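Notes follow the structure.
The values are calculated or read from the model by the stated rules, or taken from the named source; none is laboratory data. A quick note: this is a predicted structure, and the numbers were derived from the prediction, not measured. Cβ placement follows ideal geometry from the backbone for every residue including glycine, while neighbour counts extend to all protein chains displayed.
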Amino acid sequence: MEKNSIHNDNEYFLADWIEGKISAEEFKKYVSEEDFIAYNKLQKGIALYEQLEAPLDHTFEKIQKKIAAKKETKKPKVRNLNLNWAISIAASIVLFIGIYNMIGTNTVLINTTIGEHKSIALLDKSVVFLNSNSEISYDKKRWNKEREVKLKGEAYFKVQKGSTFTVITDMGSVTVLGTQFNVIAKKDYFDVVCYEGKVKVKNNKNSFILTPGKAVRILNGEIKETDKITQQAPTWILGESSFRSVPLKYVIDALEDQYKINFDRKLIDESIIYTGSFSNKNLDIALASVFKATGIKYKKANNKTIVLSK
Amino acid sequence: MIKELDNICNPKTFEGVFKTYAKDLKRFLYFKFGDMEASEDVLQDTFVKLWDNCSNVTFDKVKSYLFTIANNLFLNIKKHEQVVRKHQSTLVHDSTNESPEFLLLEKEFQVKLELAIEGLSEKQREVFLLNRIEKKKYKEIAEQLGISVKAVEKRMHGALLILREKVGKI
């Protein structure tokens with residue numbers, strides 16, 4: 001009865017309630033427990049709806065203020081910086097010209113010592129991975145006209161597409177457009193493997209075109225072509241030197257290139273043909289994998305020399 | 001001329017883009033954050049970013065650009081919060097104990113509520129929106145519509161009864 005009487009007092013109590021004119025205690029008198037909870041939830045939902053639907057003029061004003069503030073703080077700074085840069089760039093250009101004139105060379109030379117690997121980014125973003133005890137050089141100034149790299153030792157090339165890229169060695173040259181290939185140029189051992197694209201190999205007598213998986217080797221003047229390379233890149237990139245049908249002499253040379261050691265080879269036959277690989281990281285494992293496979297005994301005479309015997 | 005109007009670097013176009021998408025973005029952010037203040041901040045920063053990149057965004061890509069930026073800003077803040085939380089050595093309770101399920105229910109509730117508001121009779125909706133969104137007192141509404149205050153209160157009361165009925169089933 002009481003409920004009804006209040007209800008009659010305030011016919012449209014919900015209009016007062018949403019305006020906050022009725023306290024929670026009072027409101028409870030109007031509605032059931034269940035309704036009370038439901039209305040409270042509704043109130044929260046409406047409050048959220050109000051916020052989500054509220055006009056965003058104020059937000060837009062703030063955005064414009066932020067944009068304006070950014071402009072003000074940024075502009076003078078940028079100008080100062082530009083000026084400073086301009087001066088320092090000018091200064092370094094003068095300096096560079098000076099140094100160039102004094103030294104008078106544009107040749108860049110990069111080499112690796114025994115056991116050292118380097119990856120070199122060339123001016124056109126081509127990459128050269130230089131194996132140990134090797135050397136490349138190129139002419140900075142002529143690079144834009146001619147991509148030409150001189151190589152001694154072994155290197156793996158990832159060449160960016162563009163004009164012809166030439167690797168010159170004492171034993172022949174390798175010409176490509178854009179590709180991946182490995183070149184070994186050591187004394188009388190010349191070996192080129194093509195991993196991607198097309199590679200042209202030339203020495204003073206012959207020229208070969210290599211496609212992926214193909215390789216050519218010139219050993220003591222003898223030419224051999226193969227087309228059974230299944231790797232995606234030379235294994236030495238991953239820390240392993242591998243060989244296919246190579247006289248043991250070159251494998252031992254490669255060991256000497258990777259590790260700071262010498263081999264006494266007087267007692268063994270170096271012409272045995274070796275196919276396999278050795279680790280570039282652990283000498284003991286490397287020695288075992290080369291010499292146990294070929295039946296050769298090895299003994300450390302001192303820190304630097306290893307004596308080989310049958 | 002049409003091209004000029006499509007250029008977001010044009011302040012008028014920029015404002016138009018804001019008016020078209022700001023509310024949706026705010027809603028999107030709110031239901032991610034569950035925090036109106038943080039949503040408002042990210043909303044502002046999103047449009048500042050759009051202005052910075054206005055020459056790189058084409059008119060037909062602007063919507064997805066805005067939502068992507070807003071989402072990225074949201075993720076950055078969340079990542080930062082995680083880092084901060086990790087560095088706080090004391091065990092602090094997570095601010096929301098609500099399960100994702102609960103939050104989802106909240107969103108569903110909200111969607112249902114909005115549908116219910118849209119479903120009000122025109123007279124009820126008019127009063128409801130003038131009061132809740134435009135923040136007008138019943139007396140002002142009465143004057144504006146040329147009806148009695150009692151009539152305004154009646155419409156408001158009726159609107160809330162219907163909303164209670166429609167969303168109360170959740």
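Every test in (1) within 13 Å of chain A (Cβ to nearest Cβ); (2) closer than 24 Å to B:Pro11 by Cα; (3) surrounded by fewer than 16 Cβ atoms within 10 Å (Cβ to Cβ) is passed by B:Leu66 save one, and that test is (3).
Of the residues making up the stretch A:154-163, none is touching an Asp or Glu at 6+ places or on another chain (Cβ under 6 Å), aliphatic (A, V, I, L, M) and either within 25 Å of A:Thr275 (Cα to Cα) or not in a loop (DSSP other than H, G, I, E, B) (or both). The set of residues from the stretch A:292-306 being under 22 Å from A:Ser132 (Cβ atoms) and assigned to a loop (DSSP other than H, G, I, E, B) comprises A:Asn302, A:Asn303, A:Lys304. The set of residues from the stretch B:56-106 being of a type in the set (A, V, I, L, M, F, W, C) and modelled with pLDDT of 85 or more comprises B:Val57, B:Phe59, B:Val62, B:Leu66, B:Phe67, B:Ile69, B:Ala70, B:Leu73, B:Phe74, B:Leu75, B:Ile77. Looking only at the stretch A:229-255, residues that are surrounded by fewer than 16 Cβ atoms within 10 Å (Cβ to Cβ) and at pLDDT 85 or above come to 0 in all.
Got at least one residue in the stretch A:294-302 being within 26 Å of A:Glu222 (Cβ to Cβ), at pLDDT 85 or above, surrounded by 13 or more Cβ atoms within 10 Å (Cβ to Cβ) and not hydroxyl-bearing (Ser, Thr, Tyr)? Yes - at least one qualifying residue is present in the stretch A:294-302.
A single entry from A:Ser309, A:Ser289, A:Ser279, A:Ser271 fulfils the requirement of being touching a strand residue (DSSP E or B) at 6+ places or on another chain (Cβ under 9 Å) and under 20 Å from A:Phe129 (Cα atoms): A:Ser279.
When restricted to residues that are within 20 Å of the chain's Cα centre (by Cα) and surrounded by fewer than 17 Cβ atoms within 10 Å (Cβ to Cβ), the stretch B:130-149 contains 3.
Just so you know, in the stretch A:25-53 the residues that are more than 21 Å from B:Glu165 (Cβ to Cβ) and more than 7 Å from every other protein chain (Cβ to nearest Cβ) include one that is surrounded by the fewest Cβ atoms within 10 Å (Cβ to Cβ), and it is A:Glu25. Only one entry of A:Val149, A:Val128 meets the criterion of being closer than 12 Å to A:Val167 by Cβ, β-branched (Val, Ile, Thr) and within 20 Å of the chain's Cα centre (by Cα), and that entry is A:Val128. For the condition away from chain A (no Cβ under 11 Å), modelled with pLDDT under 85 and assigned to a helix (DSSP H, G or I), B:Leu115 does not qualify.
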